[in-house]
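Down below is the structure, laid out as structure tokens.
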Amino acid sequence: MRNAPLPPRSRVSVPDGSEAELQFHGAQFVLLTSGTDVEVRDFQEGKSVFRLRAGEIRFDLPPEDFAPVTVRLPGSSRANFPEPGRYWLTVTDVDETRLVVRRGT
């Protein structure tokens with residue numbers, strides 16, 4: 001799919017050797033890397049919610065037109081991004097979660 005709207009409750013699985021990028025809430029972006037399985041749970045004016053089942057997502061959340069992001073993870077955990085920044089979130093094959101903060105807190 002290229003340059004198409006993605007409604008809430010959509011599930012995106014990125015095949016091996018591919019990448020996908022979603023733009024949401026104005027200037028916010030998330031890169032979905034090869035092998036990622038993510039569900040877009042909700043897009044609202046004041047927040048966005050994703051569910052990362054497997055793989056890696058890389059958020060670019062600039063200060064202009066910022067809205068908080070929540071990511072639900074395996075095992076009922078969550079990662080909250082209440083401030084602008086660049087964040088990489090990975091769920092491994094054994095359901096371990098890694099967070100890399102490239103910019104932000």
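The values are calculated or read from the model by the stated rules, or taken from the named source; none is laboratory data. Just so it is clear, the model here is predicted, and its values are computed rather than measured. Cβ: placed from backbone, ideal geometry, glycine included. Neighbour counts: every protein chain shown. Note: areas computed on protein heavy atoms with side chains; ligands, DNA, RNA excluded. Shrake-Rupley method; radii C 1.70, N 1.55, O 1.52, S 1.80 Å.
Checking the stretch 67-82 against the condition returns a match, with at least one residue being in contact (Cβ under 8 Å) with a residue 40 or more places away in the chain and either in contact with a Pro (Cβ under 6 Å, 6 or more places away or on another chain) or not in a strand (DSSP E or B) (or both). Restricting the stretch 43-58 to residues that are open to solvent by 40 Å² or more (accessible area, probe 1.4 Å) and part of a strand (DSSP E or B) leaves a set whose member that is farthest from Ala27 (Cα to Cα) is Arg53. Ser10 meets the conditions (1) touching a Gly at 6+ places or on another chain (Cβ under 9 Å); (2) polar (S, T, N, Q); (3) open to solvent by less than 30 Å² (accessible area, probe 1.4 Å) in every case but one. The failed one is (1). Scanning the stretch 55-68 for residues that are at pLDDT below 95 and touching a Ser or Thr at 6+ places or on another chain (Cβ under 7 Å) yields a count of 1.
As a summary of the residue check, Val91 satisfies the conditions (1) over 19 Å from Thr105 (Cα atoms); (2) out of contact with any helix residue (DSSP H, G or I) (no Cβ under 7 Å at 6 or more places or on another chain); (3) open to solvent by less than 40 Å² (accessible area, probe 1.4 Å) except for the one numbered (2).
For Pro84, the criteria (1) under 11 Å from the mean Cα position of the chain (by Cα); (2) modelled with pLDDT of 95 or more hold in every case but one, which is (1). In the set Glu45, Glu56, Glu19, only one residue is in contact (Cβ under 8 Å) with a residue 24 or more places away in the chain and of a type in the set (Asp, Glu); that residue is Glu56.
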